[in-house]
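Contents: one structure, followed by commentary.
The values are calculated or read from the model by the stated rules, or taken from the named source; none is laboratory data. Source: prediction; values computed, not measured. Positions of Cβ are generated from backbone atoms using ideal geometry, with glycine treated the same way; all protein chains shown enter the neighbour counts.
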Amino acid sequence: MAWNPDTYNKFKQERFGPFYDLIQLVKVRPAIHAIDLGCGTGELTRKLADALPGSTVSGIDSSQEMLNDASAFQNEQVSFQKKTIEEQLASAEKWDLVFSNAAIQWLGNHETLYPKIISTIKPGGQLVVQIPSNHHHFTHTTLIELATTPPFAAALNGFTRISPVLDIQEYGKIFFNHGGTEITVYEKIYPHVLKDADALFDWVSGTAMIPYVEKLPEDIKQSFIATYKDRLRKQFKESPVFYPFKRTIMAATF
């Protein structure tokens, strides 16, 4: 997908909150070999590395636009590479820590994806992951609803993005069935107070809306954006807008 770092970083501080909770689950050990799946701009990858003295952290991302910003956070401990998560999982490389903050939700079939990720962890290593689980919120369900109505349905050729995110008990079961111990899986709401419906639109435009607008021709794209923004304004008339962003945070040792 075509990511815009400026749009994504507009709410940088709000996006940092789940990372700080996630990093608390990382077991700090000397000289570990870690990877950050979907590192984005690399800023949080660097924070992860700073919390792991003497370790090496590799960040991978499929977006060159994001990685252009990541170069500022590279040092002797941190490196970045343009690569998809699927490409990484196809390699034979093993890790002491597989870390991912708000990236794996873009990949489907979590029932089969997570065992593949687990297979890349060295014995005694750890998987630590955060994914948004806000797909039942109005901001997301309305995108699907719009995408299935004329003229957008035809222009999108029937495309809708259904979230692959599972219920938390399913992740716990996957971890247990694949030898996981010290299992932690929980959901947490991160309250975001946004100025108004337009600010909420700005938030969504940096993530959930991207798969739709990148598939639409320019004339219909602008109509889609305007229609979606209008629906947000009608639903969220108050100012400020309270946005209860829900995240799933999980960790296990294998």
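Structure values in brief
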| quantity | calculated |
| --- | --- |
| Of all residues in segment 212-233 being over 23 Å from residue 106 (Cα atoms) and free of Cβ contacts under 8 Å to residues at least 24 places away in the same chain, the one that is farthest from the chain's Cα centre (by Cα) | 219 |
| Test: residue in segment 7-18 that is modelled with pLDDT of 95 or more and under 15 Å from the mean Cα position of the chain (by Cα) | no |
| Scan of segment 100-134 for residues that are part of a loop (DSSP other than H, G, I, E, B) and either farther than 17 Å from residue 26 by Cβ or hydroxyl-bearing (Ser, Thr, Tyr) (or both), ordered by number | 107, 108, 109, 119, 120, 133, 134 |
| Total residues in segment 24-82, condition surrounded by 19 or more Cβ atoms within 10 Å (Cβ to Cβ), among the β-branched types (Val, Ile, Thr) and in a strand (DSSP E or B) | 4 |
| Selection from segment 166-204 of residues that are under 30 Å from residue 234 (Cβ atoms) and surrounded by fewer than 18 Cβ atoms within 10 Å (Cβ to Cβ) | 187, 188, 189, 190, 191, 193, 195, 196, 198, 202 |
| Residue within segment 210-231 that is surrounded by fewer than 17 Cβ atoms within 10 Å (Cβ to Cβ) and touching a strand residue (DSSP E or B) at 6+ places or on another chain (Cβ under 8 Å) present | no |
| Residue list for segment 151-165, restricted to those being exposed (fewer than 12 other Cβ atoms within 10 Å of the Cβ), of a type in the set (Gly, Ala, Ser) and either farther than 26 Å from residue 111 by Cβ or touching a strand residue (DSSP E or B) at 6+ places or on another chain (Cβ under 7 Å) (or both) | 154 |
| Checklist (1) under 23 Å from residue 250 (Cα atoms); (2) surrounded by fewer than 20 Cβ atoms within 10 Å (Cβ to Cβ); (3) among the small types (Gly, Ala, Ser) applied to residue 100, failing item | (2) |
